[in-house]
Amino acid sequence: MMYLAFKHTTNTGKWYAKLLDKVIAMRTNGPAVHVELVFSDGTSFSSSQWDGGVRFKDIQYEGDTKWALVPLHIPPEKEATVRGVAEILASTKIKYDWKGILGFMLGKSDPGVPDKFFCSEICVWVLQHIGLFKYIKPAETDPWLLECIARERASFYVAP
């Protein structure tokens, strides 16, 4: 089973991380400040300002209350496609989109820079390769909006 893992604001960590989280949460009017795409083997994919950009990472979600997991209900063959796209992107060392996230925080639309991504933007972009979230613009999607949309989608899912 694949998930989207949403990191919610916390009062732990370095001061600049807490400040950035608070600004993002204020701007989005929600608690989600970061998102990871979690594969069935437990590996996570996203773009992180703290890790320099697009990457895979092992994150322990179990028992960590700052993360909210939302199931995606993706068939195994489509998960393989998503993983393939993610592996290509991670191997090209794509940088984090600081300009896009700063513009977002200032209320300006990010037209999307083709060689840089922020977290929710890359997750939506990758999932659109299998037909999910086709109706939203990756560069205009923040973690809280994506969490709301993913939860709504999950609530309508009916197992085959």
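Some points to look at:
- Top-ranked residue in the range 26-46 [being touching a Ser or Thr at 6+ places or on another chain (Cβ under 6 Å) and touching a residue at least 60 places away in the same chain (Cβ under 8 Å); ranked as farthest from PRO76 (Cα to Cα)]: PRO31
- The residue pairs whose first member lies in the range 88-108 and is in contact (Cβ under 8 Å) with a residue 40 or more places away in the chain, whose second member is among the aromatic types (Phe, Trp, Tyr) and assigned to a loop (DSSP other than H, G, I, E, B), and whose beta carbons are closer than 9 Å, counting only pairs six or more residues apart or on different chains, are TYR96/TRP50; TYR96/PHE118; ASP97/PHE118; TRP98/PHE118; ILE101/PHE118; PHE104/PHE118.
- Boolean, GLU62 is out of contact with any helix residue (DSSP H, G or I) (no Cβ under 8 Å at 6 or more places or on another chain) and under 20 Å from GLN128 (Cβ atoms): no
- Failed item in (1) within 23 Å of PHE39 (Cβ to Cβ); (2) surrounded by 13 or more Cβ atoms within 10 Å (Cβ to Cβ); (3) of a type outside the set (Asp, Glu), with GLY100 passing the rest: (1)
- Screening ALA68, ALA90, ALA150 for residues that are among the small types (Gly, Ala, Ser), more than 17 Å from VAL33 (Cβ to Cβ) and surrounded by 13 or more Cβ atoms within 10 Å (Cβ to Cβ) leaves exactly one candidate, ALA90.
- The selection criterion, being under 23 Å from PRO71 (Cβ atoms), among the hydrophobic types (A, V, I, L, M, F, W, C), assigned to a helix (DSSP H, G or I) and modelled with pLDDT under 95, holds for ALA154.
The values are calculated or read from the model by the stated rules, or taken from the named source; none is laboratory data. All values reported here derive from a predicted model rather than from experimental measurement. Glycine also receives a Cβ, built like all others from the backbone with ideal geometry; neighbour counts cover every protein chain displayed.
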